[in-house]
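Novice: Okay, here's the structure, questions in a sec.
Each value in this text was obtained by applying a stated rule to the coordinates, not by laboratory testing. This structure is a prediction, so every number in the text was calculated from the model and none was measured. With ideal geometry, Cβ positions are generated from the backbone for all residues, glycine too; neighbour counts draw on all protein chains shown.
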Amino acid sequence: MADTMRDTTHETPYAPPYATAPSPAADPGPDPLTIAGTAFSSRLIMGTGGAPSLEVLERSLLASGTQLTTVAMRRLDPTVQGSVLSVLDRHGIRVLPNTAGCFTAGEAVLTARLAREALGTDWVKLEVVADERTLLPDPVELLDAAETLVDDGFTVLPYTNDDPVLARRLEEVGCAAIMPLGSPIGSGLGIRNPHNFELIVERATVPVILDAGAGTASDASLAMELGCAAVMLASAVTRAQEPVLMAEAMRHAVAAGRLAHRAGRIPRRRFAHASSPAEGLAALDPERPAFG
Amino acid sequence: MSTPSTDPSPAPNPGTGSLTVSLNGEPRELPGGTTLDALVAELTRAPSGVAAAVNEQVVPRGQWPATALGDGDRVEVLTAVQGG
C-alpha cells in the first residue's frame, strides 16, 4: 500500500524553529517588511481558506513562518467546533480580516466595520470582486470602498488587478499596500503579466504584495524577484497534496526571491559570457596520441 | 432596532407580544423587548471575535444590552472563519 510507504515525518508537529511564530513586536531582523509602520520579519502573508482541517492549517501556518494571516467574516454558526482565531492567537500571528465575498463597495465597507468590531483591528484586506467566475476585482467599487475605509481610519490593503494605473489610484487614496493579483484566485497560474508587476513596483511607495495566483514555490520567488515586498497566498499551500511541506517551500521561496532581488540579477544576454578566464590556456596539441 | 442615540423611532413595548426578526437570514420569533445581547447569547456563550449589525448598521458590543430589537429587524451576527 502506498499509504504505508509514505514518508510521514512532516506530519508530526514541527519542532523549533517552527514551533512558535515570532510576533510582529519581536525583533523583525535586518530586512523587515513594513506595512503602515508595523514591521514583520516574514514576507509571507498566509490565507486560511481551503485547508482540510484546522490542525493541518495550524501546522502549515507554523511551517510557513507567517506573521500575518487572513480570515473571512461569515455568519456565526453555533454548530462549528474550533476557531481559526484561537489558532492564530495561540501562535501570536496577527489577524488580517478580508472582505471576501463582497461585490459592492457598500458590502465591503460594512464587512470591514464588522471585522473591526469583532477582531479589534483596523487593518483590512479589501476585496470587492466583480463576479463568481473570475473573482476579479471590480476596480470602480474597489476604489470607492478603499477611499471610504481610509477616511474611516482603516489601514487598507486592497486586492487589485495588476493594473499600474489602478494601483496608483489606490495609493493616492491612502491605501497602505497594493496587492495585485498574479492570476485569478485559486487558479495557480502564477504571474501572468510580470511586466505590469515591474511597472507597479517601480512607481509604488507602499509595499506591493502579490495576491492570488501563486501555484508553487517558483511563483512566489518570481514575485519577490520582481520587487514585491511580500507574497500572499492560501490555496497553493492549503490545497497542495502536502500542505505543510508546501508551506515550508513557500517560506524558503519568498526568502530566496527576496535575497535574489536585493542581490541584483545579472542582465539577460543572447549569447554566452564565459565565466572562466580566456587567458592562460595551455597550448595542447589535439594531434598527440594522448588524445586517443 | 431601538437605541437612544441613533434611532429616533419608539422602542417596542418591552415584555408585550412577540416580534419576528431575521437572524442571519432565518426568521426568528422573539418575545417583545428582546435585546441584541440576549439574541447573540442564544448563538454563542463566548462572543469574542463576534460582531453584529442590525439593519446594515454595526452595533458596537457595548450597545448590545441597550439595543432592543424591533419587528422586521435584520440581524447579522458574524465571526471570523477560515478564508482568503
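Novice: Can you tell me how many residues within segment A:24-74 are touching a helix residue (DSSP H, G or I) at 6+ places or on another chain (Cβ under 7 Å), of a type in the set (Val, Ile, Thr) and over 27 Å from A:Glu107 (Cβ atoms)?
Specialist: Here the count works out to 1.
Novice: Checking A:Pro180 against (1) touching a residue at least 60 places away in the same chain (Cβ under 8 Å); (2) surrounded by 18 or more Cβ atoms within 10 Å (Cβ to Cβ), which single condition isn't satisfied?
Specialist: Checking A:Pro180 against (1) touching a residue at least 60 places away in the same chain (Cβ under 8 Å); (2) surrounded by 18 or more Cβ atoms within 10 Å (Cβ to Cβ), the one that fails is (1).
Novice: Looking only at segment A:194-212, how many residues end up being in a loop (DSSP other than H, G, I, E, B) and in contact with a helix residue (DSSP H, G or I) (Cβ under 9 Å, 6 or more places away or on another chain)?
Specialist: The total comes to 4.
Novice: Given the conditions (1) over 20 Å from A:Thr34 (Cα atoms); (2) without any contact (Cβ under 8 Å) to a residue 40 or more places away in the chain, and given that A:Arg265 satisfies all but one, which numbered condition is not satisfied?
Specialist: (2)
Novice: Right, something else. Could you list, in sequence order, all residues of segment A:55-73 that are within 8 Å of chain B (Cβ to nearest Cβ) and over 15 Å from A:Trp123 (Cβ atoms)?
Specialist: A:Leu57
Novice: Within segment B:60-77, restricting attention to residues that are more than 14 Å from chain A (Cβ to nearest Cβ), over 8 Å from the mean Cα position of the chain (by Cα) and of a type outside the set (Asp, Glu), which residue is surrounded by the most Cβ atoms within 10 Å (Cβ to Cβ)?
Specialist: Once the filter is applied, the top-ranked residue is B:Gly70.
Novice: Next question. Please go through segment A:131-146 and pick out each residue that is surrounded by fewer than 18 Cβ atoms within 10 Å (Cβ to Cβ), farther than 19 Å from A:Leu210 by Cα and either hydrophobic (A, V, I, L, M, F, W, C) or in contact (Cβ under 8 Å) with a residue 40 or more places away in the chain (or both).
Specialist: A:Val140
Novice: Exactly one of these conditions fails for A:Pro243: (1) touching a Lys or Arg at 6+ places or on another chain (Cβ under 9 Å); (2) closer than 25 Å to A:Asp162 by Cα. Give me its number.
Specialist: (2)
Novice: Here is a further query. May I ask you to say which residue of A:Pro97, A:Pro164 is away from chain B (no Cβ under 13 Å), within 22 Å of the chain's Cα centre (by Cα) and either at negative phi or aromatic (Phe, Trp, Tyr) (or both)?
Specialist: The match here is A:Pro164.
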